[in-house]
Every structure is written in structure tokens, then in C-alpha cells.
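The values are calculated or read from the model by the stated rules, or taken from the named source; none is laboratory data. Treat the numbers as computed from the prediction; the structure is a model and nothing was measured. In this analysis, Cβ positions are derived from the backbone assuming ideal geometry, glycine residues included, and neighbour counts consider all displayed protein chains. All accessible areas refer to the heavy atoms of the entire protein, side chains included, with ligands and DNA or RNA removed. Shrake-Rupley method; radii C 1.70, N 1.55, O 1.52, S 1.80 Å.
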Amino acid sequence: MRRFRICAPLISTLLLATVHGPSALAQTDAQTGASESVSVESGAEEMPEGVDALIADLKRERDPEAANRLTEDILASWNASGSPTIDLLMQWAQSAASEKRNAAAFDFLDQAIVLKPDFIGAWNQRATLHYTMGNYKRAVSDINRVLALEPRHFGALASLAAILGERGSEEMALKAWERYLEIYPADRQAQEIITKLSEKLAGSRT
């Protein structure tokens, strides 16, 4: 998914639940008839020490700049593989993607996932690449994996919300943005998006 800075995260890296509770989002593509479900399960991968505290701080923080710094630290933790080999593969994938050598980028990301199937960063980067190529179904599939590993991944939630909105599933997009804002409440742009979507949906129901 293309990188965006709702405040900091993205449409770079790529769906939900409160910190401890499972929930699910599902969407149906009216044009293709294909159903895509996005689920969140408990049992997230154990993160480096300090991530839980950073996320707790993010949920309390109301200053956008301070919150932005927290998101950068959290994303850095999620993108830390702990393996020099995987880190190199991720660098190669990013370089290949920036040069539009998408096949090579996917190959590097696939290798990283084979080496470490529970590495959030590789799944998220692959989802991002699928998104930039317009492969929404595959992007959502990888987002599912990201959120199975880490339900609090606000970048994945924002990407999911973007996909749902672009495909016309505005009610589901609103739910995704609301979940995002539970984790990242200082994001002013997300607040505005939620307000506009809520008003639009309320108007359509009258």
C-alpha cells in the first residue's frame, strides 16, 4: 500500500480489535461477487520489550507531534526482524519496489517470509506492494496475516480502511477507521475522515 501520513503511518506499511479482544471485518465486492474477510485474532506475536508500553502511550497521547514520534518507534519495532539476512532481503525488496522491479521485490519478500513466517514487517511490506499494484484481494490477504500476528497494527488498519473506502464499502471503512482511532486517537486527519464518513452515511439513511 502506498505510504501515507495520516499523521505518520501509511496507505506503508498495511486491519483490528481492541488490545485484548478479537473482532472481524468483512467486505463483499458487489461487482465481482468475491467476498474478502478481514479478521483479527488474539494471540499476537510477542513483540520486543517496550512495544506494549509505547502503544499504551499512543492511546493516551493527544498531541499529534508526540503521537507521531511514538508511531515511528512502534513501527521500527514491528519492522525489526532480528536477522541480518532478513533485514538485507527487506532492503533489497524496498529498493526493487522503488525501481518498479516488482517481481524481484516479491521474490525477496517471499524469501523473508519463508525464513521467518511470523515476521510482521515482511507481510506488511508485501501487502503494501500488492496495494500499490492494485491487487486489493492479495493485499487484504496479507493484511489478514499482519493483524493475526499483531491486531494493533494501526498501519494495517489504515490501509484496510483505504481499500474499503476505495471499493465503496463505506460503512466497513468507517468501522476500520474507528478501530484505527482507538489505537491512534491523536490522528487529526483520521478524525476528519470519520466525521465526514459518519455524516455521509447518516445522510444516506434519511
Under the Karplus relation with 6.51, -1.76 and 1.60 and θ = phi - 60°, whole-Hz ³J(HN,Hα) for region 130-146, x at Gly and Pro, equal 4, 4, 5, 8, x, 8, 5, 4, 5, 4, 5, 4, 6, 4, 3, 5, 4
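Sorting 106, 154 by accessible area (1.4 Å probe), largest first, what list results?
Working: 106 35, 154 0 Å².
Reading off the accessible areas and sorting them downward yields 106, 154.
Determine the dipole magnitude for region 151-206: charges of +1 sit on the beta-carbon of Lys and Arg, -1 on that of Asp and Glu, nothing else is charged, the reference point is the Cα centre, and the result goes in debye to the nearest 20. Show your work: numbers first, answer last.
Values: 8 positive and 8 negative charges, 13 e Å.
Charge dipole, region 151-206, about its Cα centre: 60 debye, nearest 20.
For region 44-135, what is the accessible area per residue in Å² when the probe is 1.4 Å? Walk me through the intermediate numbers first.
Numbers: 4840 Å² over 92 residues.
Using a 1.4 Å probe on heavy atoms only, each residue of region 44-135 averages 53 Å².
Tell me, what is the Rg over Rh of region 152-206, with Rh the Kirkwood radius over Cα pairs? It would help to have the intermediate numbers written out before the result.
On the way: Rg = 10.7 Å, Rh = 11.1 Å.
Radius of gyration relative to Kirkwood radius: 0.97.
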Length gained, residue 182-residue 103, 0.36 nm per residue minus C-alpha separation, equals 24.8 nm
Treating only Lys and Arg (+1) and Asp and Glu (-1) as charged, each at its beta carbon, one finds that region 80-195 has a dipole about its Cα centre, in Debye to the nearest 20, of 220
Sorting 119, 83, 134 by the position of each Cα along the dipole of region 71-143 (Lys, Arg +1; Asp, Glu -1; all at Cβ), the one nearest the positive end of that ordering is 134
Computed ³J(HN,Hα) along region 68-75: with the Karplus parameters 6.51/-1.76/1.60, θ = phi - 60°, integer Hz and x for glycine or proline, the list is 4, 5, 5, 5, 5, 5, 5, 5
Along the dipole axis of region 45-108 (charges at Cβ: +1 for Lys and Arg, -1 for Asp and Glu; origin at the Cα centre), the most positive-end residue among 102, 66, 55 is 102
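Which percent of the accessible heavy-atom area of region 48-156 goes to carbon and sulfur, probe 1.4 angstrom? Display every interim value, and only then the final one.
On the way: 2620 of 5150 Å².
Here carbon and sulfur together make up 51 percent of the probe-accessible area.
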Reported to the nearest 10 Å², residue 126 has, with a 1.4 Å probe, an accessible area equal to 50
In this structure, among 59/200; 59/100; 100/196, pairs with alpha-carbon gaps over 32 Å are 59/100; 100/196
Per its Cα gyration tensor (rounded if a/c is under 1.5, else prolate when a/b beats b/c, else oblate), region 45-132 is best filed as prolate
